[in-house]
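Written out below as structure tokens is the structure these notes cover.
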Amino acid sequence: MLKFINHTLSNGLKLIIIPDTSTPLVQVNVLYKVGARNEHPDRTGFAHLFEHLMFGGSANIPDYDRPLQLAGGENNAFTNNDITNYYISLPPENLDIALWLESDRMNELAFTPKSLETQRQVVIEEFRQRNLNQPYGDAFMHLRDLAYKKHPYSWSTIGKCIEHIENASMEDVKDFFYKHYAPNNAILSIAGNVDPVKVYERVKHWFGDIPKRNISTAIIPEEPIQTKPRTLTLERDVPLSGLYMAYHMSDRLNPKYYASDLISDILSNGKSSWFEQILIKEKQIFSSVDAYILGSYDPGLFVISGKLHKDKTYEEAEHAINELTSRITNGDFSKTELEKVKNRSIALRQLSLSSVENKAFETAFFEFLGDAGLINEEDKKYMNVSSEDIIFTAKEIFNTNNCSTLYYKSKK
């Protein structure tokens, strides 16, 4: 069981301290409850843009990286559809450097035209490299748009189009910052070889005076139930044709999430998985094929994607996949197979939590979900999934009317 201490500052900042004497470092993790789902449909890509802007200098610190490097620290960040997460690793004696840097940019960015233009160009280039110039790069962008018709999960974190970032004004950027970047919309988790009492005092010193802000309360539209299959065919200059199948599934807090995760493991996790043994080795339909879930806060997607061998048809590929998903819905799997994926999932999770970096992020993430204490219930929830739960969940997911299919055809 992971032990931690919770605090909430008067300005709403959530603080989680995870003492860990096994490491010589301390991890400082700041999770902001803003992702692509919080963007306006006509101004997408802003959460990802801010992942970059937050390194462009704050009100009192023009160069974020230099002080951190001098303190022996490393940092990075990532954005997804639900959150934006920043993290720093450094020696415990230099913890104040990390808290100083994070508090200053939470309080106010520099908002200089130079910083905005520099990061704008970085994001535009990333959009081109990731979506336009990379083989299969735009597949998931089109798959999201096919699967979602109302919910903002219909666009990726990079945004719908380059124009939204190209046309972003300083006023747009400031508005987004003050609506989402605030102590009362953030979770600060600190893990490592630290004294919890001293950490609490230092956090109050650096963050306590940052004012609360009026966080955006825009209502996120609920995605209607899909009632018929959807398909889209694209032709691209890629070596092999791709097949992408997206099924709607539960949200992250729903008990069916755990069954969905285990179903994806039975199908494709490891060399002994059904996809590896049957679709790749035995039938040689795919050169690669995978099943995975997105783990989204709101109802997400169960995705099956693969690259077909040149002599195989989409009809053969879909038929072979449907045969295996039907085995799940019919209960044609053994208790041994289910126990195997359960044990693997739990073992990998325990291994992950041996890392101070993951301890800091995971506790922050579960606090984002509603309660950091949920981190200690995950293993039990996986173990409690029954064969009946697997069958029931699979029948909900692998419904023909619940599937959006992208045929990504090779021109070659």
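The values are calculated or read from the model by the stated rules, or taken from the named source; none is laboratory data. Not measured: the values here are computed from a predicted model. Note that each Cβ is placed from the backbone with ideal geometry, even for glycine, and that neighbours are counted across all protein chains shown.
When the residues of the stretch 180-225 are filtered to those that are among the basic types (Lys, Arg) and in a helix (DSSP H, G or I), the one that is surrounded by the most Cβ atoms within 10 Å (Cβ to Cβ) is Arg202.
Considering each residue of the stretch 258-269 in turn, at least one proves to be in a helix (DSSP H, G or I), modelled with pLDDT of 95 or more, within 21 Å of Leu406 (Cβ to Cβ) and in contact with an Asp or Glu (Cβ under 8 Å, 6 or more places away or on another chain). Take the stretch 142-152 and flag every residue that is surrounded by 19 or more Cβ atoms within 10 Å (Cβ to Cβ) and closer than 27 Å to Asp237 by Cα. Across the stretch 142-152, the qualifying residues are Leu143, Arg144, Ala147, Tyr148. The residues of the stretch 98-134 that are surrounded by 15 or more Cβ atoms within 10 Å (Cβ to Cβ) and outside any helix (DSSP H, G or I), listed by number, are Glu108, Leu109, Ala110, Phe111. Thr217 meets all of the listed conditions (1) more than 27 Å from the chain's Cα centre (by Cα); (2) at pLDDT below 95 but one, namely (1). Among the residues making up the stretch 155-179, none is crowded, with 20+ Cβ neighbours inside 10 Å and without any contact (Cβ under 8 Å) to a residue 24 or more places away in the chain.
Residues in the stretch 89-131 that are among the aromatic types (Phe, Trp, Tyr) and at pLDDT below 95: how many? So that I can check it myself, show each step before the final result.
Start the filter on the stretch 89-131 by keeping residues that are among the aromatic types (Phe, Trp, Tyr), which leaves 100, 111, 127.
Okay, now just the ones that are also at pLDDT below 95, so 111, 127.
The total comes to 2.
Cβ-Cβ distances below 6 Å connect the following pairs, each with a first residue in the stretch 243-257 that is without any contact (Cβ under 8 Å) to a residue 40 or more places away in the chain, a second residue that is outside any strand (DSSP E or B) and surrounded by 18 or more Cβ atoms within 10 Å (Cβ to Cβ), and a separation of six or more residues or different chains: Tyr257/Ser250. Scanning the stretch 300-343 for residues that are crowded, with 20+ Cβ neighbours inside 10 Å and under 30 Å from Ile83 (Cβ atoms) yields Gly300, Leu301, Phe302, Val303, Ile304, Ser305, Gly306, Val341. Of the residues examined, Ala394 is not one that is touching a strand residue (DSSP E or B) at 6+ places or on another chain (Cβ under 8 Å) and in the same structural domain as Leu324 (by TED's automatic domain parsing).
Just the residues that are over 15 Å from Leu31 (Cβ atoms) and either among the β-branched types (Val, Ile, Thr) or touching a residue at least 40 places away in the same chain (Cβ under 8 Å) (or both), please, taken from the stretch 82-102.
Step one: filter the stretch 82-102 for residues over 15 Å from Leu31 (Cβ atoms), giving 89-97, 99-101.
Passing the criteria: Ser89, Leu90, Pro91, Pro92, Leu95, Asp96, Ile97, Leu99, Trp100, Leu101.
Among the residues of the stretch 286-294, is any among the β-branched types (Val, Ile, Thr), crowded, with 17+ Cβ neighbours inside 10 Å and in contact with a Leu (Cβ under 6 Å, 6 or more places away or on another chain)? Before the answer, list the steps.
Our first condition is that a residue be among the β-branched types (Val, Ile, Thr); within the stretch 286-294, this holds for 289, 293.
Subsequent filtering for residues that are crowded, with 17+ Cβ neighbours inside 10 Å retains 289, 293.
Those still in the list that are in contact with a Leu (Cβ under 6 Å, 6 or more places away or on another chain) too: 289.
Looking for residues that are among the β-branched types (Val, Ile, Thr), crowded, with 17+ Cβ neighbours inside 10 Å and in contact with a Leu (Cβ under 6 Å, 6 or more places away or on another chain), one finds at least one in the stretch 286-294, hence yes.
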